[in-house]
Structures are given as structure tokens and as C-alpha cells.
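Written below as C-alpha cells is the structure these notes are about.
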Amino acid sequence: MTNQGKFMVFCVEQYKHAKQLNGRQLSDLFDKYRVWNYLYDCYEALHTTGTSYIIEDIDLYIDARKPVTV
């Protein structure tokens, strides 16, 4: 497994635990907002940060992609 793959597994497990999601919920969420691509593409910048930062960054990434409701 590549370093990016290992990092993505780490992120998935940490996010799933922090948000109390099951595997299906996490997968659906990451698919919907293309978080998989984000984590892979931003590996170099994110892999040196802490767990709390990564979880917060994923939340910000998802929030930025949610449709605006008025």
C-alpha cells in the first residue's frame, strides 16, 4: 500500500471515530463531497499535521461544498 493509501485509511478511521459514523455513513459522505480525492491530492500538506487538524480540515472541506440554503 502506498503512503497516500495508508494516510487515507488513517484519516478514515480517525474521522469515523470522531464523528461516530459507521463505515457506510462515512463512505457515503466522502463520496458525496469527494473527500477521497481531496485527501489523496493534499497528502503532502496534510500528512504532517495532527489528527485534530485533519478532522477539522475535512469538516471545513465538506462545509465548503454543501449547497447554500436560504
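Ignoring ligands, DNA and RNA, please state the percent of accessible area on the chain from carbon and sulfur, probe 1.4 Å. Don't jump to the answer; show the numbers that get you there.
On the way: 2510 of 4930 Å².
On the chain, the fraction of accessible area on carbon and sulfur atoms equals 51 percent.
Which of the three applies to region 14-54, rounded, prolate or oblate, going by the alpha-carbon gyration tensor with a ≥ b ≥ c and a/c under 1.5 meaning rounded? Don't jump to the answer; show the numbers that get you there.
Details: a/c = 3.39, a/b = 1.33, b/c = 2.54.
Oblate.
Take every Cα pair under 8 Å in region 1-63 that's 6+ residues apart, average their separations, divide by the length, and report that relative contact order as a whole percent. Please list the in-between numbers first.
Working: 27 pairs, mean separation 27.0, N = 63.
Dividing the mean separation by the residue count of region 1-63 yields 43 percent.
Whole number in Å², please: accessible area per residue of the chain, 1.4 Å probe, ligands, DNA and RNA not counted.
Result: 70 Å² per residue.
Just flag the GluC sites (Glu not before Pro) in region 6-68 sitting in loop per DSSP whose Cβ has no more than 12 other Cβ atoms within 10 Å. Mind dumping the intermediate values first?
On the way: sites: E13, E44, E56; in loops: none.
Loop-located and lightly packed - none at all.
Based on DSSP H runs of at least 4 residues, each adding -39500 (n - 2.57), what is the mean residue ellipticity at 222 nm of the chain after dividing by all its residues, to the nearest 500 deg cm²/dmol?
On the way: 5 runs with 53 residues, N = 70.
My calculation for the chain gives -22500 deg cm²/dmol from helical runs alone.
Over all distinct Cα pairs, what is the inverse of the mean 1/r for the chain, reported as the Kirkwood hydrodynamic radius in Å?
Taking every pair of different Cα atoms in the chain, averaging 1/r and inverting gives 12.4 Å.
What is the list of residues in region 30-61 whose amide nitrogen lies under 15 Å from a point 7 angstrom out from the Cα of V68, following Cα to Cβ?
none
Can you give the local net charge around Y40? Use residues other than it whose beta-carbon is closer than 12 angstrom to its beta-carbon, Lys and Arg +1, Asp and Glu -1. Spell out each step's value before the answer.
Values: positive: K6, R34; negative: D41, E44.
Summing Lys and Arg as +1 and Asp and Glu as -1 gives 0.
How much accessible area does D63 have with a 1.4 Å probe, in Å² rounded to the nearest 10?
Accessible area of D63: about 90 Å².
For L29 and E13 in one chain, what is 0.36 nm times their gap in residues minus the Cα-Cα distance, to one decimal in nm?
Values: separation 16, 0.36 × 16 = 5.76 nm, distance 1.36 nm.
Between L29 and E13, full extension yields 4.4 nm more.
Along the positive direction of the dipole of the chain (beta-carbon charges: Lys, Arg +1; Asp, Glu -1; about the Cα centre), which of L26, Y15, I55 reaches farthest?
Checked the options; the winner is L26.
Considering only lysines 8 or more places apart in sequence, or on different chains, count the pairs in region 1-68 whose C-alpha atoms sit under 18 Å apart.
Working: K6/K16; K16/K32; K19/K32; K19/K66; K32/K66.
Lysine pairs, 8 or more places apart or on different chains, close enough: 5.
The values are calculated or read from the model by the stated rules, or taken from the named source; none is laboratory data. The structure displayed is predicted, hence computed values, not measured ones. Glycine also receives a Cβ, built like all others from the backbone with ideal geometry; neighbour counts cover every protein chain displayed. Quick note on the areas: whole protein, heavy atoms, side chains included, nothing else; ligands and nucleic acids left out. Shrake-Rupley method; radii C 1.70, N 1.55, O 1.52, S 1.80 Å.
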